[in-house]
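The values are calculated or read from the model by the stated rules, or taken from the named source; none is laboratory data. All values derive from a computational prediction rather than experimental measurement. Reconstructed Cβ throughout: ideal geometry from the backbone, glycine too, with neighbour counts over all protein chains shown.
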Amino acid sequence: MDIVSLARFQFAMTTVYHFFFVPFSIGTAFAISIMETIYVRTKNEVYKKMARYWGNIFLLSFAVGVVTGLIQEFQFGMNWSDYSRFMGDIFGAPLAFEALLAFFMESTFIGLWTFTWDRVKPGLHALFIWLTSIGSMVSALWILTANSFMQNPVGYTIKDGRAEMTNFFALLKNPQLGFEYGHVIMAALMMGGVIVFGLTAFQLLKAKKNPVSKETMGIYKTSMRFGMWLALIFSVLTIGMGHLQMQYLIKEQPMKFAATEAIYKNTKDPASLALIGFADQKEHKLKGSIEIPGLLSFMSYDKFSGSVKGMDTVNKELTKKYGKYIAGEKMNYYPPVNTLFWSFRIMVGVGMWVALVSLVGLIWTRKKKEGFYQHKWTLWVTGLTLFVPFIGNSAGWFVTEFGRYPWTVYGLFTIKQSVSPNVSVASLLTSNIVYFLLFTFLAAVMISLVVRELRKDPANIDNPQLLEKFLDPFDKGAF
Ligand code: HEM
């Protein structure tokens, strides 16, 4: 294995792992903000208990997310020093804002929210979780500002081989950012809903063996429908934002778009959409495809006409624009086609699956109908859906990040130019193994803590005596 591949693997591993927790905490913080607001407005204690119960799960995801974020930054410094030198001036401002404004805001209000239950007025307490939730979303805005620059550089000049910022507001007005931010946040809020209904489904499966009180059952059932509503609304919005983002991509990054559809030659007019297939990257052909006529034109231009440019044409345009060689390296502008083609389909499939499960679940449980809760298979399907958005988010990032190949900063700086000059295969192998073990350990800790939190009875969540019993690791009630 060479240095570039190992560094890329490490980037992918640390980013995917970190991004398990980012939408988790953004989504659950938002869900809890809504629960607590409903409690403040209606005085319905069920929503207060839900906010406390799911709040504990949110706190865990936040804590582990911070640790994974630190590893992510360390990996940047170690493996991508030339990239950091090139981009430092651009990255500096958004990342400083992220740390100073957003992260501090989030952390301060998390603390206030955690320690002031029943000590301040309910309205003020709900404000704390809203400010935490807004802080987490603002934090994502700054990070995605930097990421959007990598996809579509704006407001900069190149001086002494480095990108220097000339207009901070141009970074914020980057059209890439509008689409990317909207899509990522909608997907995170969808995930919040799925986490609530998915974990509830497992609780209900457990309750089949060990029956729970009527009050606890009521909290589970309200959580189930609440999560499904959230997931339904935000899956539809995620799909809508994704659709707009895709149309933007056709204009701004036609190579990435053609690769997600595995189109080598310009298509006929109208263009058909391949549902499945395998791209033969030597013969420049999509094999074994099942196609729906006209659908790709419709998705691309909102009408059943219009052809789509293929990768071979875009490759010629890019070669003409950027040259056959950059920094002495022969360029290949084709991204990994099968990775993009399948990641895109998995992501879209996830959105549709979540929308379907939520819609069917909501219909099946309306007017206090019991059928849904009586079957084990419905609870298993709903429970296993918990893992689906994690896969969808990773697939989404695969499309975005693999799709900008061969660049780290689109049109300005290549992946090979970005790698640290003094990092070795041995050090990369070692750090890859260490991170992998660390992530496995963190995953085990996270899962065991979530399982422990879920053992608490949501109906007695604010009973200090019972809580102490669960928090004491040596008490048999903790196991
Ligand atoms: C019909 C449904 C969807 C469409 C058409 C769609 C479209 C897209 C496109 C075109 C990109 C690449 C954008 C770029 O490179 O600039 C993308 C990225 C992404 N998608 Fe989706 N998507 C859909 C559903 C979903 C779902 C359900 C999730 C979450 C589970 C998701 C999560 C992401 C993420 C995290 C990214 C990377 C960040 C970004 O560039 O926005 N997408 N999506």
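Table: residues versus (1) surrounded by 18 or more Cβ atoms within 10 Å (Cβ to Cβ); (2) under 30 Å from the mean Cα position of the chain (by Cα).
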| residue | (1), (2) |
| --- | --- |
| K321 | no, no |
| K324 | no, no |
| A327 | no, no |
| N332 | no, yes |
| T365 | yes, yes |
| T378 | yes, yes |
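Within the option set S343, S418, S358, being under 30 Å from F74 (Cβ atoms), crowded, with 20+ Cβ neighbours inside 10 Å and within 14 Å of the ligand (Cβ to nearest atom) holds for one residue only, S343. Report yes if some residue within the range 179-201 is hydroxyl-bearing (S, T, Y), within 24 Å of the chain's Cα centre (by Cα) and within 16 Å of the ligand (Cβ to nearest atom); otherwise report no. For the range 179-201, residues hydroxyl-bearing (S, T, Y), within 24 Å of the chain's Cα centre (by Cα) and within 16 Å of the ligand (Cβ to nearest atom): present. Annotation note: of V348, V337, the sole residue that is within 22 Å of T400 (Cα to Cα) and either within 13 Å of the ligand (Cβ to nearest atom) or modelled with pLDDT under 95 (or both) is V348.
Screening V388 with (1) assigned to a helix (DSSP H, G or I); (2) in contact (Cβ under 8 Å) with a residue 24 or more places away in the chain; (3) away from the ligand (no atom under 14 Å from the Cβ); (4) not small (G, A, S) gives one miss only, at (3).
For every residue, the table says whether it meets (1) within 28 Å of W229 (Cα to Cα); (2) at pLDDT 95 or above; (3) not acidic (D, E).
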| site | (1), (2), (3) |
| --- | --- |
| A29 | yes, yes, yes |
| I32 | yes, yes, yes |
| L60 | yes, no, yes |
| W80 | no, no, yes |
| W113 | yes, yes, yes |
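Only a single item in (1) in contact with a Gly (Cβ under 7 Å, 6 or more places away or on another chain); (2) of a type outside the set (A, V, I, L, M); (3) on the phi > 0 side of the Ramachandran plot is not met by D160, and it is number (1). Of the numbered criteria (1) at pLDDT below 95; (2) surrounded by fewer than 18 Cβ atoms within 10 Å (Cβ to Cβ); (3) among the hydroxyl-bearing types (S, T, Y), the one S139 fails is (2).
Inside the range 253-275, residues that are surrounded by fewer than 19 Cβ atoms within 10 Å (Cβ to Cβ) and within 8 Å of the ligand (Cβ to nearest atom) make up a count of 0. All conditions in (1) polar (S, T, N, Q); (2) touching a helix residue (DSSP H, G or I) at 6+ places or on another chain (Cβ under 7 Å); (3) over 29 Å from M105 (Cβ atoms) hold for S136, with the sole exception of (3).
Restricting the search to helices (runs of 4 or more DSSP H) fully inside the range 214-302 and requiring at least 3 residues that are without any contact (Cβ under 8 Å) to a residue 60 or more places away in the chain gives 214-252, 295-301. Would you please list the contacts, defined by Cβ atoms under 7 Å and residues six or more apart or on different chains, that run from a residue in the range 412-425 that is touching a residue at least 24 places away in the same chain (Cβ under 8 Å) and of a type in the set (S, T, Y) to a residue that is assigned to a helix (DSSP H, G or I) and surrounded by fewer than 18 Cβ atoms within 10 Å (Cβ to Cβ)? Sorted first by the residue in the range 412-425, then by its partner, the pairs are S418/D82; S420/M78; S420/S81; S420/D82. Checking W407, W397 one by one, the residue that is surrounded by 15 or more Cβ atoms within 10 Å (Cβ to Cβ), more than 20 Å from the chain's Cα centre (by Cα) and within 16 Å of the ligand (Cβ to nearest atom) is W407 and no other.
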